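Computed from the coordinates by the stated procedures, all read-outs in this text should not be read as laboratory data. What you see is a predicted model, and the numbers here were worked out from it, not measured in a lab. Here the Cβ is made from the backbone with ideal geometry for all residues, glycine too, and neighbour counts use every protein chain on show.
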Amino acid sequence: MHIRFGRLLLAALSILVLALGVAACGGDDEESADTGGGGTTTQEEQAGGGGGGAEEFPADSTMGKIQQAGEIKIGVKYDVPPFGFRNPRNDQIEGFDVDFGKAIADKLGVKPNLIEAISDNRIPFIQDGTVDLVLSTMTINAERAQEIGFTDPYFIAKGRILVPKDSDIQGIDDLAGRRVCTALGSTYEETLKQEAPEAELRLVDAYSECLENLQNGAVDAISTDDVILTGMIIQDDSLHLVGEELTTEPYGGGFKKDDTEFRDFLNGVLEEYKSDGRWQRSYDKWLGRYTGEEQSPPDMTLDEVLQEST
Amino acid sequence: MNYLFSPDNWQWLWTDNNAGFLLEAFLINIEIAIVSMVLALIVALALALLSLSRATPVRLVAKGWVDVFRNLPLIFLILYLALSLPEWLREGWADNAPAFLPDALRGELVLAGIIGLVLYNSAVMAEIMRAGILSLDRGQREAASALGMTYRDQMRFVILPQGLRRMVPATVSQLITLNKDTTLVSIITIQEVVRTGRGLTQTAGNPFVGGGDIQAPILQVMIFVGLLFVVTNYALSRLSRRLEVRESRRAAGEGRVAVTGVEDLAVPATGGPSRS
Amino acid sequence: MLDVLTENFDAFASGLWVTFRLVLASFLIALVLGTVVAALRVAPSRALQRLGAIYVEVFRNLPLLVLLFISFAGLRRAGIGIGPWVAGIASLGIYTSAYVAESLRSGVFAVSRGQREAGLSLGFTQLQTLRHIVLPQAFRTVIPPLGSITIAMIKNSAIVGASLLALPDLLKQARIVNSNTFQTTESFFWAAVGYMLLTVTVTVLFRSLESRYAVKR
């Protein structure tokens, strides 16, 4: 009796394990079928955006490969409102960068897969293929253009300084001897070393760490693009922007170097995005509302930007 | 003091499923720890056997490997892997990660975290295993070969089973360290408990990002997260101690020493020189 | 490979120096605190023993990264103006002190009971016995584990640098060099060399201490 019960138990357990295994495999198949089908559904749902059905691209082009994969991997920020951030209400990643990314995905008729790319990782992620495209508040400059390809600028931000309202810092010259925070791997590392060599630089992984440090008084100022700083003001209105424009920061989408087909495709999407009013709507929704400033879509090309920056 | 205990600062804990989010995220840490430990044990066994090999070059390479990875900071390994893992590996994981895994574990960078943890912990465990195997009384080995057993058979039937059994308390104790180390993957943006906690401090109480009214101050959030770890690891350490006592009793009865692990240390429990 | 080192030597060197200072200061704190806590754990008072036990259990089971958030961001928000260096050294020191305390405690138990009783019978108080007889011997037994603990501290210092404390340690410098040169493997390789320099030095140091002082069993 004793032995038989043990055997029975063992048999029951084996069947259970087997059943779970089959269920898991079956689940997998359903998942992948869904992903394939999902692409088409998205395309049909987005009437008007890409003009109905998405254009098919040749299989050996980046666009074609993305279409085959059924998704485009886009590196965005997860913690920089209003460009890329996680909305806890619906657990979605949203923002100005994200809107543009979605427009690109629509044009290809695929799903956008939004991956977090902190400043440090953006270029490595492009180079090793973790992402197909980076839309992560990335400034176009000549140095980076040697490592990756850029689209035409989709936004022009200006470098400013963020301090608490009761701070005595009023401009870049006041930063001497003070503690300034910016992100590792951002263009501001260099800019601050040149423009404020007497300032004590604190480099962190992500701007959310800079904000924490400013709020708890561990640093005196944060310097980066004005819109990233505005995102911080939105979270904490005891801060304000000071100083003249340090730099002009044209944001561009980043992708693998020398992929001219992909570049032309992306610039094409950008043109449509600017001219049919989607850019303006996205700007008003995410930025104009808070900065109180008007802006129109940038009309510089990549070459113009690179010429100016050298 | 007031700030620490003021109920206003703790209100977030029972609002809005905040505690639930943190607990879910803590599960991610546990899962990463278990997966890494299982893989690390397998790799460690291979490394330990290689470092006991009678072929000198093999032994030297294995020992060299173990020495390198024991001496590098884990966060260093993880960051390096996150920046340099080859494309095929990342894509392979992102495309083929099993569906039953939670979202946080299907991202491409998860491999960087797990491989880093495995590389590091396998080196540590390999040392512990080697000590465990070497701690076996020489008499056992000689008796086994007197019985005419080949080296391989000796290993399989006499040495390994006993040596590995001694390692159980050390393994459980290393699991505690591993548990703590899983927090490091928050730096490469994996959505585990520390990162979720930080996100909570930013979004809770911030109407712009839809976080409701109640703020979650970082001190209290991190104390809560810390408590999760302290409680879990304390339980593990009690388990390890109990296993250790059983093992010492058994070993003492047979006149040998038990192996313990204390933060990467492989030293026979009753003192003595620590030649590695 | 070599040019990454030569062109960025200042960055690597300053990072190494920061790591070195961080580890040294934390080591001293860990040693002092660890001794105090170990003494608590073998004190005659039950309450003191328990206090020591709680300290050790908390700081051995708490992740260093969480401790850093609490001791830096958390305290600052509570109004205590602690700076990143102090927070970093305090956290690493306190974290490590729990391990030091445990090692010392096992060392103390290794000192045979007979020695303690002999001390007492010679008219020493508990405290004097601890100070003059037990602890000095315990220290010698714990040299090997202390070596391991120090190496663990060198590795943990990298966590301090990678946290929001924003200290420019060796790992951070490696990342800065990487973001300037885009040569990941080379930047990290030289930083690894730096870390190994530290760990090998410590290993050699402790091995020589061991051979001079360790108690042979």
Q: Give the share of C-alpha pairs in each 5 angstrom bin for region B:138-211, from 0 to the last occupied bin, in whole percents, shortest bins first.
A: 3, 13, 12, 10, 9, 8, 7, 7, 7, 6, 5, 4, 3, 3, 2, 0
Q. Just how many % of Cα pairs in region C:18-168 lie over 23 Å apart, if you round to the nearest whole percent?
A. 41 percent
Q.
Can you give me the long-range amide H partners of A:Lys158? Hydrogens built in the peptide plane at 1.01 Å from N, cutoff under 5 Å, separation of 5 or more residues or another chain.
A. A:Asp226, A:Val227, A:Glu249
Q. Calculated FRET efficiency, A:Asp303 and C:Thr185, Cβ-Cβ r, R0 30 Å, to nearest 0.05?
A. 0.40
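To the nearest 20 debye, what charge dipole does region A:157-249 have about its Cα centre, counting +1 at the Cβ of each Lys and Arg and -1 at the Cβ of each Asp and Glu? If you can, show how the numbers build up before the last one.
Working: 7 positive and 20 negative charges, 17 e Å.
Roughly 80 debye for region A:157-249.
At 4 °C and 1.567 mPa s, grab the translational diffusion coefficient of the protein assembly as shown from Stokes-Einstein with a Kirkwood Rh over Cα pairs, rounded to a whole number in µm² per second. Intermediate values should be presented prior to the final figure.
On the way: Rh = 28.9 Å.
The Stokes-Einstein estimate is 45 µm²/s.
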Q) Of B:Phe21, B:Met1, B:Ser186, whose Cα points farthest to the positive end of the dipole of the protein assembly as shown (charges on the beta-carbon: +1 Lys, Arg; -1 Asp, Glu; origin at the Cα centre)? A) B:Met1
Q. Can you work out ³J(HN,Hα) from phi for every residue in region C:38-48, in order, using Karplus 6.51 cos²θ - 1.76 cosθ + 1.60 and θ = phi - 60°, giving whole Hz and x for Gly and Pro?
A. 4, 4, 4, 6, 10, 5, x, 7, 4, 4, 5
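Would you mind estimating how fast chain B diffuses translationally, via Stokes-Einstein at 25 °C and 0.890 mPa s with the Kirkwood radius over Cα pairs, in µm²/s? Mind dumping the intermediate values first?
Details: Rh = 21.0 Å.
In µm²/s, the coefficient is 117.
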Q: Treating only the Cβ atoms of Lys and Arg (+1) and Asp and Glu (-1) as charged, compute the dipole magnitude of region C:18-168 about its Cα centre; round to the nearest 20 debye.
A: 120 debye
Q: Please find, in a Gaussian network model of chain C (springs between Cα atoms separated by less than 10 Å), the residue of C:Arg46, C:Arg175, C:Arg207 whose mean-square fluctuation is greatest.
A: C:Arg46
Q) Based on the Cα gyration tensor of region A:52-107, what are the three equivalent ellipsoid semi-axes, each the root of five times an eigenvalue, rounded to whole Å and given largest first? A) 26, 11, 9
Q) Projected onto the charge dipole of region A:72-199 (+1 at Lys/Arg Cβ, -1 at Asp/Glu Cβ, origin at the Cα centre), which of A:Thr151, A:Ile140, A:Val163 gives the Cα projection farthest towards the positive end? A) A:Thr151
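Taking all pairs of different Cα atoms in region A:174-272, averaging 1/r and flipping that mean, what Kirkwood radius in angstroms comes out? Don't skip to the end; give the middle numbers.
Numbers: mean 1/r = 0.0656 Å⁻¹.
The Cα-based Kirkwood calculation yields 15.2 Å.
Helix by helix, which DSSP H runs in chain B go 18 Å or more along their axis at the Cα atoms and have an average Kyte-Doolittle hydropathy of 0.0 or more?
Details: long enough: B:18-51 (48 Å, 2.16); B:56-71 (22 Å, 0.11); B:110-134 (35 Å, 1.68); B:168-181 (19 Å, 0.29); B:218-253 (51 Å, 0.54).
Qualifying helices: B:18-51, B:56-71, B:110-134, B:168-181, B:218-253.
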Q. Taking the alpha-carbon centroid of each part, what is the distance from region A:126-187 to region B:24-60 in angstrom?
A. 41 Å
Q | Residue-by-residue Karplus 3J(HN,Hα) for region A:140-152, coefficients 6.51, -1.76, 1.60, Hz, glycine and proline x | A | 7, 8, 5, 4, 5, 5, 7, 9, 9, x, 10, 7, 5
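Placing +1 at every Lys and Arg Cβ and -1 at every Asp and Glu Cβ, with all other atoms neutral, what dipole size does region A:74-121 have around its Cα centre, in debye to the nearest 20? Don't skip to the answer; put the middle values down first.
Details: 6 positive and 8 negative charges, 36 e Å.
Magnitude of the dipole: close to 180 debye.
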**Q.** Lys/Arg +1, Asp/Glu -1 at C-beta; the protein assembly as shown dipole; positive extreme among C:Ser26, B:Leu83, A:Pro298
**A.** C:Ser26
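Please work out the Kirkwood hydrodynamic radius for region A:96-179, using every pair of different C-alpha atoms, and report it in angstroms with one decimal place. Intermediate values should be presented prior to the final figure.
Numbers: mean 1/r = 0.0638 Å⁻¹.
Here the Kirkwood hydrodynamic radius works out to 15.7 Å.
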